[in-house]
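All remarks here apply to the structure that follows.
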Amino acid sequence: MSRIEMVRRILAEADRIAGEHELLSHRVRVLILAAVSALGEASWTDIKTVLEKLLGPVNPNTLAFHIRKLVGEGVLERIGSHESPIYKLAKRPSKEIIELAKEIKNLASKQDGG
């Protein structure tokens, strides 16, 4: 499968999940959770990098808004210092998010030449 096909598949799945859940009603929130699930723990920059590989440029304010929403709902946990926060999942992700995280890992390995 080509890189473009993999990205399209990941985005289509994120849209499908977003359509089925109130909190996850936005593709960016679904992708944030999948990215953090794929990475285990992630900085804001790590999350932004993953999203930009899938979506192109991501507005920092948009990313901050969605991260705050996920933290506020108790789905994402902020750890580390205030200056350099690290995010991790506060709850075990759904099977759908786990599968999407696997797709993101596969895409990353393909981009790294793996």
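Read-outs throughout are calculated quantities, based only on the coordinates presented, and are distinct from any laboratory measurement. The model shown is predicted, which means the values in this text are computed figures rather than measured ones. We place every Cβ from the backbone using ideal geometry, glycine too, and count neighbours over all the protein chains shown.
What ranking of Met1, Met6 emerges when the number of other C-beta atoms within 10 Å of each C-beta is taken as an exposure proxy, fewest first? Write out the running numbers ahead of the final one.
Details: Met1 10, Met6 17.
So the residues, fewest neighbours to most, are Met1, Met6.
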Practice problem: Could you tell me which of the pairs Lys69/Lys91; Lys88/Lys110; Lys53/Lys110; Lys48/Lys91; Lys48/Lys95 are separated by over 18 angstrom between their Cα atoms in the structure shown? | Solution: Lys88/Lys110; Lys48/Lys91; Lys48/Lys95
Quiz item: Nearest 10 degrees, 0 to 90: what angle lies between the long axis of helix 27-39 and the longest principal axis of the chain (Cα atoms)?
Solution: 90 degrees
Quiz item: What does the charge dipole of the chain about its Cα centre add up to, to the nearest 20 debye, if the Cβ of each Lys and Arg holds +1 and the Cβ of each Asp and Glu holds -1?
Solution: 80 debye
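Taking 0.36 nm per residue of separation and subtracting the Cα-Cα distance, what length does fully extending Asp46 through Leu11 add?
Working: separation 35, 0.36 × 35 = 12.60 nm, distance 1.82 nm.
The span from Asp46 to Leu11 would gain 10.8 nm if fully extended.
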Quiz prompt | Length released on extending from Met1 to Ala90, taking residue separation times 0.36 nm less the Cα-Cα span | solution = 28.8 nm
Exercise. Would you kindly compute the Cα radius of gyration of the chain and its largest Cα-Cα separation (Dmax), both in Å?
Key: 13.2, 41
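How much net charge surrounds Glu77 when only the other residues with a Cβ under 13 Å from the Cβ of Glu77 are counted, with Lys and Arg +1 and Asp and Glu -1?
Numbers: positive: Arg68, Arg78, Lys88, Lys91, Arg92; negative: Glu41, Glu73.
My count for the surroundings of Glu77 gives +3.
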